[in-house]
There are 2 protein chains.
Amino acid sequence: MKVRKILYICTMNYDEAKNKFISTWGALGTLWGINKAMAQIHALLIISPEPLSMEDIMEELQISRGNTSMNLRQLMDWGIVFKENKMGERKEYFTSEKDVQELARQIAKERSRRELQPTIKILNDVSNIKEDGTAKTKELIKQTKALHEMADTLDIMMNKVIGQDQNWIAKALVKLIK
Amino acid sequence: MKVRKILYICTMNYDEAKNKFISTWGALGTLWGINKAMAQIHALLIISPEPLSMEDIMEELQISRGNTSMNLRQLMDWGIVFKENKMGERKEYFTSEKDVQELARQIAKERSRRELQPTIKILNDVSNIKEDGTAKTKELIKQTKALHEMADTLDIMMNKVIGQDQNWIAKALVKLIK
DNA sequence: TCGAACTTTCAATAAAAAATGAAAGTTAAA
DNA sequence: TTTAACTTTCATTTTTTATTGAAAGTTCGA
């Protein structure tokens with residue numbers, strides 16, 4: 001019996017690939033509590049060799065001016081998108097941080113500041129209630145302490161990573177595997 | 001001049017602390033794309049010394065039967081909540097995984113399977129488009145390759161962590177700090 | 001096999017989040 | 001200044017997501 005193996009290599013063209021990338025990034029963002037437009041604008045900027053104007057972005061993603069403006073601002077608040085000016089032009093242009101390691105570092109930094117640290121504070125408050133000897137109080141204290149400890153450890157790890165040089169991921173990986 | 005330092009120690013009672021914990025966990029979940037009810041049910045189970053019935057949960061969180069049922073199922077799909085039966089009772093009871101390290105490991109495992117791996121596949125497809133010499137194509141290939149590499153590394157790290165023994169966090173931390 | 005005790009499903013509704021676009025605001029060159 | 005080019009804001013609308021609850025489904029003991 002003859003067996004025939006066929007290897008399908010799917011090769012998209014530029015536009016297909018670009019759209020696939022942008023829509024995948026948008027869908028992934030949604031899954032992580034980031035709105036679609038914001039994730040898509042970011043995806044678009046990350047693969048664009050040139051800075052883009054607001055008009056460019058609106059046109060490309062078919063979204064309104066207001067939406068574009070608000071989401072660009074949020075991306076700038078996260079420190080991963082920047083305004084740029086071209087000489088002799090009024091219009092503002094936007095670029096993304098292009099170095100993915102720097103991008104990861106910046107996102108880690110912001111998530112720590114915005115989410116992890118406030119959570120740690122509350123876990124600490126909750127785990128400091130007065131022990132009254134009941135099982136439910138014991139369990140609440142025990143579990144919030146455990147979560148507090150884990151959150152603390154994560155935060156320290158993330159901050160370690162944030163302060164790390166360019167190749168931290170490779171190095172951390174080597175260390176973990178050893 | 002006399003300086004007086006006052007240290008305020010906020011001590012909530014059990015119910016305040018419990019509510020604070022449950023609502024904080026819910027709000028945090030929302031931020032991460034997890035619905036409020038699901039996060040709150042999980043929070044409730046994690047601090048409950050005894051398994052709870054559907055009635056208990058509905059009552060405690062003031063949510064409907066359907067909502068409770070669907071979210072419990074999702075939590076079970078994530079492998080972090082389990083059904084339990086009490087002898088001689090028809091009713092089903094639910095408990096959460098109580099070990100926060102095991103919890104973290106389970107969540108890491110599922111997120112890798114559900115999100116990271118599909119994303120890696122798409123980044124791979126996109127980065128394999130035909131190089132046509134234009135700047136935009138070059139940039140698309142370069143950036144999706146960089147993201148692919150980072151996602152791969154993260155996935156390897158997460159799987160490493162998943163396979164790790166109980167104290168992985170402490171150990172990983174020691175290694176990173178060294 | 002019945003029926004009571006319980007759970008799941010799902011169409012309908014409610015709530016929350018995102019998007020729109022026109023008006024108000026800003027800026028810089030003339 | 002004025003004005004034209006551009007950006008931001010925010011009340012309104014649209015879309016998406018979560019929730020409800022009643023009907024259908026399941027399971028087990030008698």
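Please treat every number below as a calculation from the coordinates, not as lab data. As the structure is a computational prediction, the values presented were derived from the model and not from experiment. Cβ placement follows ideal geometry from the backbone for every residue including glycine, while neighbour counts extend to all protein chains displayed.
Taking R0 as 35 Å, what's the FRET efficiency between A:PHE82 and B:MET12 from their Cβ-Cβ distance, rounded to 0.05?
Efficiency computed from Cβ-Cβ geometry: 0.20.
Limiting things to C-alpha atoms, what are the Rg and the maximum Cα-Cα separation (Dmax) for chain A, in angstroms?
In Å, with Rg to one decimal and Dmax whole: 22.6, 76.
What would the Debye equation give as log₁₀ I(q)/I(0) for the stretch B:14-96 at q = 0.11, 0.13, 0.19, 0.23 Å⁻¹, counting only Cα atoms as equal point scatterers?
Per q value, in the given order, log10 I(q)/I(0) is -0.26, -0.37, -0.79, -1.15.
Per DSSP H run of n ≥ 4, the term is -39500 (n - 2.57); total these for chain A, divide by its residue number, and report the mean residue ellipticity at 222 nm rounded to 500 deg cm²/dmol.
It comes out at -20000 deg cm²/dmol, rounded to the nearest 500.
How big, on average over all directions, is the shadow cast by the Cα convex hull of the protein assembly as shown, in nm²?
30.1 nm²
Under DSSP H, which helices of chain A have Cα atoms covering 20 Å or more of the helix axis and a Kyte-Doolittle average no less than -0.5?
A:14-31, A:135-162
Of A:LYS83/B:LYS142; A:LYS138/B:LYS91; A:LYS98/A:LYS121, which ones are farther than 30 Å apart at the Cα? Don't jump to the answer; show the numbers that get you there.
On the way: A:LYS83/B:LYS142 22 Å; A:LYS138/B:LYS91 26 Å; A:LYS98/A:LYS121 34 Å.
Beyond 30 Å between Cα atoms: A:LYS98/A:LYS121.
If contacts are Cα pairs under 8 angstrom and at least 6 residues apart, what is the relative contact order of the stretch B:60-173 in percent?
20 percent
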